[in-house]
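Working notes for the structure below.
Any read-out appearing in this document is the output of simple, stated calculations on the displayed coordinates, not a laboratory observation. No experiment lies behind these values; they were computed from the predicted model shown. Here the Cβ positions follow ideal geometry from the backbone for every residue, glycine too, while neighbour counts run over all protein chains shown.
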Amino acid sequence: MENYGWLSIVPALLAIGLAIATRQVIMSLFLAVVVGATFLHGYNPGAGLLRTFDTYILDKVADPWYAAILIFTMMIAAMIGIVTRSGGALAVAEALAKRAKTPRGAQLATWLMGMVIFFDDYGSCLITGNTARPLTDRLRVSREKLSYIVDSTAAPVATMAIISTWIGFELGVIGEGYAAIGQQVSPFFIFLQTIPYRFYSIFALALVGTIAFMLRDFGPMHAAERRARTTGKVMRDGAVPLAVADTAELLPAEGTRSHWVNFVLPVVTTIAATFIGLYVHGGGAEAGSIREAIGAADSSVVLLWSSAIGVVVAVLLVVLQKVLSLTEALETVVKGAKSVFLALMILVLAWGLASVSEGLGTASFLVGVVEAAQVPAAIIPFVIFMVACFISFAMGTSWGTMGILTPLAVPIAYAVGAPLIPSVGAVLTGAIFGDHCSPISDTTILSSTGSSADHIDHVRTQMPYALLAGGVAAVVGFIPAGFGVHPLLSIGVGLAAVIAAVRFLGKSTEADA
């Protein structure tokens, strides 16, 4: 292999730099792949452009494992389209809202809604925000607080859920990362192992629940909540809430007869089919244990089975109940599948970038740099988390951050002897940080939209909370993880730190305080 030296990191840096400068992730990834392919084919730009399509993109899409991930992601999105359009998710959210009678109850109900609608962060932002808004307005909870709760329960939950529009993408980048070190693993099994190491996501969710229960806030959010409680103004004077008209088609049609079973049955069926399928495909009782069976199964095949079953169940439910006609149900299936098209483009281009980076020896070069700098292996998970946070904030996309960083982070961690699972978890949860802080993040914008909040007010009031969760994740989570501390111990200490921070930094938001 030719030694490309510093040129080997140009494509990855170009992808990051262009995405930050232009906010166009797909274009940035495509140009990065073209540049890498140009280096690999005699520095000929024409050859680089053609090889981008007929080699680095086509080879990935044509590979059965990668093709299965793409189809699975579309199938899950199709099922989610039915579940959302039929009003099933809305019915569950409304059932939770009916139990809220106080500001504390309204915030806790919204928090629970966000976690119940776990299958898609976009759907969670829109359904939770629109459903909870009349309730929180009536009980004098600020729009800033509503949008914060909506935002902080969307991506953190969706990225850890075993059935969501995210899991296919995450399995794809995990598989690419381990392929870079020559290890054949079950990406689904690795995904499950990383969940306890999603420290930022876990602490962000805990922080929302703690603040809602204790009715204590700090920073700009405290002022917003006091304004709402004492004056009844859920938005500041002069606030410009984002409109929801352009997202109305994602919600159930007016007059739709919604029922919770249209949400619960397809989702539970898909989850059950996934675990049963993994056990059976992995050898069942002959594998020796459930853990070994799941690890031996081809998750891409099993996820195809379970997502197909989920779509069939969802369609049969709404057609038999006459919630949607067969034609409407099939149209919704197509619309749902189409909704993840941009995400799939990002994933395919990220795979292409990983391929050219492998040809250029990017990972080997970075490993050499890290070894020469004598970076202690124990702090690698912490460093990866901080880098992921920065990139996701600057780019405004967790998808792009995962796609670019995972295939590089795994080889680096592997080469220097850092723990792999915490390092992968650091990328996957650090990428979510940008979804909560960056004003250009899609879920940040959708949270403002679904909650009908002023977007800058949402970003300004949420930032201190995201920084708190990120700080606890870095110090209590990823630094100890690098030294082999069990993640459950870190989670316990981190939860105590979150509660203590709210107790001592926060001030009461009640009107009589």
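Identify which of the listed values of Cα Rg over 2.2 N^0.38 Å was calculated from the structure shown: (i) 1.14; (ii) 0.97; (iii) 1.25.
From the options (i) 1.14; (ii) 0.97; (iii) 1.25, the structure gives (ii).
For R257 and L489, what does the FRET efficiency come to when R0 = 60 Å and r is the distance between their Cβ atoms, rounded to the nearest 0.05?
0.80
Measure out, as a whole number of angstrom, how far apart the alpha-carbon centroids of the range 276-336 and the range 444-483 sit.
Cα centres, the range 276-336 to the range 444-483: 33 Å.
In whole Hz, with x marking every Gly and Pro, tabulate ³J(HN,Hα) for the range 287-296 from phi via Karplus 6.51 cos²θ - 1.76 cosθ + 1.60, θ = phi - 60°.
6, x, 7, 4, 4, 5, 5, 5, x, 8
Which order do the peptides 448-457, 466-475, 34-43 take when ranked by the mean count of other beta-carbon atoms within 10 Å per residue, highest first?
Sorting 448-457, 466-475, 34-43 by mean packing, highest first, produces 448-457, 466-475, 34-43.
Taking Rh as the Kirkwood radius, which is the inverse of the mean 1/r over Cα pairs, what is the Rg/Rh value for the range 256-386?
1.15
About the Cα centre, and with charges only on the beta carbon of Lys, Arg (+1) and Asp, Glu (-1), how big is the dipole of the chain? Nearest 20 debye, please.
Using Cβ point charges on Lys, Arg, Asp and Glu, the chain gives about 1700 debye.
In square nanometres, what is the average projected area of the Cα convex hull of the range 109-240?
9.4
Among all helices in the chain defined by DSSP H, which have a length of 24 Å or more along the axis from Cα atoms plus a Kyte-Doolittle mean of at least 1.0?
64-85, 261-281, 299-320, 341-360, 398-416, 420-437, 487-505
Near K233, which lysines are there with a Cα under 16 Å away, not counting those fewer than 8 places off in the same chain?
Those lysines meeting the cut-off are K145.
Could you tell me the calculated FRET efficiency between K322 and W65, based on Cβ-Cβ distance and R0 = 41 angstrom, to the nearest 0.05?
0.55
Among P64, G494, W166, which residue has its Cα furthest toward the positive end of the charge dipole of the chain, with +1 on Lys/Arg Cβ and -1 on Asp/Glu Cβ?
Highest projection toward the positive end goes to G494.
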